[in-house]
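Structure, as structure tokens:
Every number in this text was worked out from the coordinates using simple rules, so none of it is lab data. What you see is a predicted model; the values in this text were computed from it and never measured. Positions of Cβ are generated from backbone atoms using ideal geometry, with glycine treated the same way; all protein chains shown enter the neighbour counts.
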Amino acid sequence: MESPTGSPSRDSQDGVDLREKLTIVITTSPASDHPETNLIDLVLKSFELVEGLSDCKKVIVCDGYRIWKDCNFRNGRVDEIRLRNYEEYKSNIKKMSERSEGLWQHSTIMELTEHHGFGFAVKSALDLVHTDYVCVVQHDRTFMRPVDFVEILQGMEKEGDRVGYVLLPTSSTRNYAHAQRTRLGQYGLKGAALIDVEGYAIPLTANSKLLPCLQWYDSTHICRTSFYRNFVFGETRNDGSGQEQRLCCRGDFIEDRFGQAQIKDIQKLGMPAHAKWKTWLYHDGLERAVAHLNGRTFRNESNGVKGKQQD
């Protein structure tokens, strides 16, 4: 692969072609700014900050909905007006995907006829993923700066099954190791072996590492595809009545059930319990890599698309 200047790109030089290793899954669902496509356009545009990412296959999965008197986007409920807006939005992005020009190159649209929720929308999209790794992006999460995906994938390859998931940094993960050590201490855990998050870090380079991530977050992340299929959507827990219950069910955000079970496990047993969850945070000492944009404040302006960042 060549860079825009004609010289070999970083991923080719390092023997890693992101197109062969990584598929992007973008989840989208009814939102207040539809039928406009400004928000998802901006997300796709931000991929250009990450070398090689725009060239990867993109699966855009459109969740279904339930018709309701009042809207509740998180639960997939839409009124008649939002329904029409969402259908028009889907028609718009399908046309752009079919033209396969500019930001929409290498994209495929998967349209779900029923409400699945974030977790099961990703699960459905995995049917179209044939790479070892997947980057999951929500339709309102943009990259804010370059991120070294090659470095992350090389680290995941080296560590094997020890690393299943790598969260990209947000404003909420600033000073993460210290904050989580304090948090574990507040639950009565004592001693470095139980609370020293930094002590369990995996070094990548002199300037970057993977920190244990104590709770799954649905924000932009890179995941081993097999980990998603076999663990995230396969793991069960006793619900207290002797029944085994999956940690991600239809309608769920993964962080709401899976993530809560994970943090409770680690709060009870300390850092040694983290190993089974295989979740990590990429830390390169820089500012946030990803931000959440508020679709409710998006609008067209003469100087381009503008929106309010929530984090």
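Annotations for the structure displayed:
- For segment 187-239, trypsin sites (Lys or Arg not before Pro) meeting the loop criterion (DSSP other than H, G, I, E, B) and having at most 15 other Cβ atoms within 10 Å: Lys190.
- In this simple spin-label approximation, Leu128 and Ala193 carry label points 7 Å from Cα along the Cα→Cβ vector, and these lie 4.9 nm apart.
- With neighbours defined as other Cβ atoms within 10 Å of a residue's Cβ, the residues Ser124, Ser226, Ser107 order from fewest to most as Ser226, Ser124, Ser107.
- Of the residues Leu18, Leu83, the one with the fewest other Cβ atoms within 10 Å heads the list, and the complete ranking is Leu83, Leu18.
- For the chain, the ratio of Cα radius of gyration to the globular rule of thumb 2.2 N^0.38 Å stands at 1.01.
- Segment 154-294, Rg to Rh (Cα coordinates; Rh as Kirkwood inverse mean 1/r): 0.96
- Between Lys276 and Arg19, the modelled labels are 4.2 nm apart [label points 7 Å from Cα along Cα→Cβ].
- Relative contact order of segment 17-143, defined on C-alpha pairs under 8 angstrom at six or more residues apart (%): 42
- With both residues required to sit in segment 17-143, DSSP beta bridges show an antiparallel share near 5%.
- Per-residue Cβ neighbour counts within 10 Å put Met96, Met156 in the sequence Met96, Met156, beginning with the fewest.
- Remark: spin-label model distance Ser172-Arg66 equals 2.4 nm, labels positioned 7 Å along the Cα→Cβ axis.
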